[in-house]
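Below is one structure; the comments refer to it alone.
The values are calculated or read from the model by the stated rules, or taken from the named source; none is laboratory data. All of these numbers come straight from a predicted model, not from anything done at the bench. So basically every Cβ, Gly included, is an ideal-geometry build from the backbone, and we count neighbours across all protein chains shown. Note: areas computed on protein heavy atoms with side chains; ligands, DNA, RNA excluded. Shrake-Rupley method; radii C 1.70, N 1.55, O 1.52, S 1.80 Å.
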Amino acid sequence: MKTPAPGRSRLFKDMTVTAARILGLLTCLYFFICSLSFLSDSFRILGGKNIGALFSNSDLLKNPVVGLMIGVLVTVLVQSSSTSTSIIVGLVSAGAPVRTAIPMIMGANIGTSVTNIIVALTQAGDREQFRKAFACANVHDMFNWLSAFTLLILEV
């Protein structure tokens, strides 16, 4: 009986691993999208009609600077702008006004500045690598801050 060539066996193994990774990626993406739907539904169930009224009637939450700071705070607490943005989108789908949510989304963008500085600090063992990482993190931070500042002025 003829045995397969070693190169063919390796190729089959690589293709199988790649297919498994792609399938795993698609599965994780599917669960992420489902979790956003569950988050939105849970805000609607728990908050009901009151959550929209809370955001609509509150004079404090109508202030765009307060909304910006809420977005920053939530993103810093959960360390994920995707999660905080998903929470804000869930609030909007539950009845919160979009005008209140826009500064919160800008704040979530600024909140990522804290995350990328933390990641840059992990490179502190290698001086040259740390210098590059910290410089890139600061450029990203300045872009986030300046774009949010400009858009916030336009929003006000």
- Would you mind working out the accessible area per residue for the chain, using a 1.4 Å probe, and quoting it in Å²? 69
- Task: For the chain, give the magnitude of the charge dipole about the Cα centre (Cβ charges: +1 Lys/Arg, -1 Asp/Glu; no others), in debye to the nearest 20.
- Result: 700
- Residues of region 105-119 with backbone N under 18 Å of the label point set 7 Å from the Cα of residue 131 along Cα→Cβ are none
- Full-extension gain in nm, residue 140 to residue 59, via 0.36 nm per residue minus C-alpha separation: 25.9 nm
- Evaluate the distance, in nm, between pseudo-label points positioned 7 Å from the Cα of residue 117 and of residue 99 along their respective Cα→Cβ axes. 3.3
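Give me the extension gain from residue 80 to residue 45: residue separation times 0.36 nm, minus the current Cα-Cα distance, reported in nm with one decimal.
Details: separation 35, 0.36 × 35 = 12.60 nm, distance 2.42 nm.
Full-extension gain reported as 10.2 nm.
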- Task: Measure nothing fancy, just the Cα-based angle from helix 98-121's long axis to the longest principal axis of the chain, in degrees from 0 to 90, nearest 10.
- Result: 50
- q = 0.09 Å⁻¹: log10 I(q)/I(0) that the Debye formula gives for the chain, counting C-alpha atoms only: -0.47
- Taking all protein chains as present, what is the carbon and sulfur share of the accessible area of the chain, in % to the nearest whole number, probe 1.4 Å? 72
- What FRET efficiency, computed as 1/(1 + (r/R0)^6) with R0 = 25 Å and r the Cβ-Cβ distance, is obtained for residue 147 and residue 29, rounded to the nearest 0.05? 0.35
